[in-house]
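Trainee: Structure in structure tokens, see below.
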Amino acid sequence: MSGEIRGVGLALVEMPRFRAALERRGERMLARIFSPAELAYAQRKKTGWQNLAARFAAKCAGRAALRAVLGRTLPLSGLEVARKRSGEPVLVLREVVPAEPLALFLSLSHDPDFALASVWVEASA
């Protein structure tokens, strides 16, 4: 990190509430929010819905962090949580090319009750 911080976002998702939303809205909700790669990653996990809750938190935090930088709110589908070779999660812009080079940093955590994500955006030097 060596650039100017342009935005910060934080999101907390309640696991029981997220699971209930999945049960109510099912495939339609999944298709609107998550990319095929995110869904495939979750399907490989024993508790994939918890991984999706963490990714949902990351998308919400990323949206908040990018709002001031981009001047508008992105749809949740405009962000994707991917993984580097090291396994580190990374937030990727899917539908928007920013006017200036940006670096996005993501931290994720979850337990059976909550998923937490923080995102900060820096202008690349």
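Trainee: Rank 96, 81, 13 by mean-square fluctuation in a GNM of the chain with C-alpha springs under 10 angstrom and give only the top-ranked residue.
Mentor: 96
Trainee: Follow-up question, since we're still on this one. Pairs of Cα atoms under 8 Å, at least six residues apart: use those to get the relative contact order of the stretch 77-125, whole percent.
Mentor: Working: 69 pairs, mean separation 13.8, N = 49.
Worked out over the stretch 77-125, it gives 28 percent.
Trainee: Near residue 34, within a Cβ-to-Cβ distance under 9 Å, what is the net charge of the other residues, with Lys and Arg +1 and Asp and Glu -1? Please report the intermediate quantities before stating the final value.
Mentor: On the way: positive: 32, 55, 59; negative: 38, 80.
Once all neighbours under 9 Å are counted, the net charge is +1.
Trainee: Still on this structure: Toward the positive end of the charge dipole of the stretch 4-123, about the Cα centre and with charges on Cβ (Lys, Arg +1; Asp, Glu -1), which of 15, 119, 62 goes farthest?
Mentor: 15
Trainee: In addition: Answer with a single label: of [x] 13.6, 42; [y] 19.6, 61; [z] 14.2, 45, which was calculated as Rg and Dmax of the Cα atoms in Å from the structure in view?
Mentor: From the options [x] 13.6, 42; [y] 19.6, 61; [z] 14.2, 45, the structure gives [z].
Trainee: Residue 6's amide H: which non-local residues (gap 5+, or another chain) put their own amide H closer than 5 Å, with H modeled 1.01 Å from N in plane and none for Pro or chain starts?
Mentor: 121, 122, 123
Trainee: Report the charge-dipole magnitude of the stretch 4-123 in Debye, nearest 20, computed about the Cα centre from +1 at each Lys and Arg Cβ and -1 at each Asp and Glu Cβ. Walk me through the numbers on the way to the answer.
Mentor: Details: 19 positive and 12 negative charges, 83 e Å.
My answer is approximately 400 debye.
Trainee: Still on this structure, I have one more. For labels at residue 31 and residue 113 in the simple 7 Å Cα→Cβ model, what's the distance in nm?
Mentor: My value for the distance between the label points is 3.6 nm.
Trainee: Another one. If the elastic network links every pair of Cα atoms under 10 Å, which of 85, 17, 63 fluctuates the most in the Gaussian network model of the chain?
Mentor: 85
Trainee: Could I ask something else about it? Take every Cα pair under 8 Å in the stretch 4-123 that's 6+ residues apart, average their separations, divide by the length, and report that relative contact order as a whole percent. All intermediate terms of the calculation are to be shown ahead of the outcome.
Mentor: Numbers: 220 pairs, mean separation 45.9, N = 120.
It comes to 38 percent, rounded to a whole number.
Every number here is computed from the coordinates shown, using simple stated rules; none is lab data. Given the structure is predicted, the values throughout are model-derived calculations rather than measurements. As a convention, Cβ positions derive from the backbone with ideal geometry for all residues, glycine included, and neighbour counts pool all protein chains shown.
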